[in-house]
């Protein structure tokens, strides 16, 4: 099976690329070669920029593919480029959407693939919805062989789950207070990228997946308090958590606020029966406690990875001070 990944060296796609090659897929990666992650041995690199039609066309030449996966499409304009490039030259096109496209806040839990798509809080999610709608139109009107996959919070050893990354761990290790949005009890799902890959690779070349949408997540449910405490434990410290409403945080940092109001502040749990039905045997087996230890081992292995954003660190102090001044304990 000849498969093209557009991207292929990101947090999620790197694990999928590795597993695909291990399973005998003839894998090609179209990217600019700027990632620090090393492509898997056995993959063929096609140097090119998908945002530049001439560059992409030159890299692709006359290649035909059984499957094309675009890991880095974010707007309807990106989809239009792909429709022009790949119509008639692939048997399956997989668009990587986002679980944040689901109705926010969800009216019913757990979320299934038939949950409505509606997120009035986050432009990123609305753009993903627009991409899905355009692809579904192309499937229905022109027979374009699309499949949609919606990851939720998927991580590897480089990705700390809190806004600010290692800056938050540094605060923990200094004994400073750490912000957790809301009261920290909303439920969340953390999915290891190797677990995600097990479900995803099973969709490659799967004729039953054409015209279908899937999310692929772990089944483990955690509160944000538990997530912060697991990271702190892996870092060898005890977290001093301070709970601050998401809309209060958004007043100080609109970007951080949008990611909370449009995604993380709401409890999200996913029904994974569909992906398990289409990919028999799929099961997420890596608990976040293990993942947190893997993350901290990666950061602690190299001081250069322990980057602290001084401006954000100061902002967090300001948010905490402002909140505790308004609501003295």
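Descriptive notes on the structure:
- Strands (runs of 3 or more DSSP E) contained in segment 172-220 and holding at least 1 residues within 15 Å of the chain's Cα centre (by Cα): 190-192, 213-216
- Candidates 26, 66, 82 - the one that is buried (at least 19 other Cβ atoms within 10 Å of the Cβ) and at pLDDT 95 or above: 82
- Segment 257-288, subset assigned to a helix (DSSP H, G or I) and under 16 Å from residue 159 (Cβ atoms), residue farthest from the chain's Cα centre (by Cα): 288
- In the set 215, 192, 181, only one residue is within 25 Å of residue 310 (Cβ to Cβ) and crowded, with 20+ Cβ neighbours inside 10 Å; that residue is 181.
- Answer from 91, 118 - the residue that is surrounded by fewer than 17 Cβ atoms within 10 Å (Cβ to Cβ) and within 28 Å of residue 246 (Cα to Cα): 118
- The one condition in (1) without any contact (Cβ under 8 Å) to a residue 40 or more places away in the chain; (2) surrounded by 15 or more Cβ atoms within 10 Å (Cβ to Cβ); (3) closer than 28 Å to residue 113 by Cβ that residue 277 fails to fulfil: (2)
- Residue within segment 31-41 that is under 29 Å from residue 277 (Cβ atoms) and surrounded by fewer than 21 Cβ atoms within 10 Å (Cβ to Cβ) present: yes
- Residue tally, condition in contact (Cβ under 8 Å) with a residue 40 or more places away in the chain, farther than 16 Å from residue 149 by Cα and either in contact with a strand residue (DSSP E or B) (Cβ under 9 Å, 6 or more places away or on another chain) or not assigned by TED's automatic domain parsing to the domain that holds residue 78 (or both), over segment 5-36: 2
- Residues (surrounded by fewer than 17 Cβ atoms within 10 Å (Cβ to Cβ) and either assigned to a loop (DSSP other than H, G, I, E, B) or touching a strand residue (DSSP E or B) at 6+ places or on another chain (Cβ under 8 Å) (or both)) located in segment 295-318: 301, 302, 306, 307, 308, 309
- Criterion applied to 55, 100 was being touching a strand residue (DSSP E or B) at 6+ places or on another chain (Cβ under 9 Å), under 25 Å from residue 133 (Cβ atoms) and surrounded by 15 or more Cβ atoms within 10 Å (Cβ to Cβ), and the one residue passing it is 100.
- The single condition from (1) over 16 Å from residue 275 (Cα atoms); (2) more than 22 Å from the chain's Cα centre (by Cα); (3) in a helix (DSSP H, G or I) that residue 169 fails is (2).
The values are calculated or read from the model by the stated rules, or taken from the named source; none is laboratory data. In this text the structure is predicted, and so the values were computed from the model without any measurement. Glycine gets a Cβ as well: all are built from the backbone with ideal geometry, and neighbour counts include every protein chain shown.
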